[in-house]
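Comments concern the structure below.
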Amino acid sequence: MGIKKIVDKVKEEVKVLKGEESKDKQYRNEQDYPDVASARAAFEESKRKLFNVNLWSKLEGINSTFELYDDRGRKTMADTPQIGYFVKITLPASNVENWVNVSSIRQEDNLAEFAVHPSEKPNPPAEEEAVTKHFFTKEASSTFRVELQGTRLIASEIGRNEYINNQGEESGARSVLNTLIAEGGWAGFQGLQWDKLTSYLAHQKGAKAG
């Protein structure tokens, strides 16, 4: 890499750290099946695993905790989210809550997905700040998708507009914490987490029983 490219890369990272620029990332795993019938059966099972968010916490190894809440902020064991539902994400070895809101759900013959955006905590106590409880800003999104292309099953996590939530009122008192999470703990863990999840959705890896 030339000096100019190195300098440009450093400048880019500084802007990202300041919350002035975003990153887009995508993770995917896939699996081929011997015939259409088995691929279709695998896709239907993959859809079930995609929408049952609470089961994501059971992935083997180091893993985040995912908890589904309804649109009134009540924890639910529903096996399918709805638009307006929330997901609380807690990173490993952390008690910091990160909340996202389900903004869209799409189901077609050969595709199923839902998208989430960082959000406030649902129904926060009066003494808490009404700020985005996430290390990315509300402009960020994650789309979780499974699709069938012939006899190939593909599972993806698509991250867009990942601005660090460390500017202005939206970050509240979490500005420094959000920077440390986004560029520290999460930056090093993101690839492992979404590779683990997409492997699970593509039936390459399982989940713990119970």
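The values are calculated or read from the model by the stated rules, or taken from the named source; none is laboratory data. Just so it is clear, the structure is predicted and the values come from calculations on it, not from any experiment. Don't worry about glycine lacking a Cβ; one is built from the backbone with ideal geometry, like all the others, and counts go over all protein chains shown. We work out accessible area using only protein heavy atoms, side chains counted, and drop any ligands, DNA or RNA first. Shrake-Rupley method; radii C 1.70, N 1.55, O 1.52, S 1.80 Å.
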* Asked: What ranking do 40-51, 152-163 get when scored by the average of other Cβ atoms within 10 Å per residue, highest first?
  -> 152-163, 40-51
* To do: Step through the residues of segment 107-117 one at a time and calculate ³J(HN,Hα) from phi using the Karplus curve (6.51 cos²θ - 1.76 cosθ + 1.60, θ = phi - 60°), rounding each to whole Hz and writing x for Gly and Pro.
  => 9, 10, 4, 10, 8, 9, 7, 9, 10, 10, 10
* Asked: When all protein chains stay in place, what accessible area (Å², nearest 10, 1.4 Å probe) is found for residue 25?
  -> 60 Å²
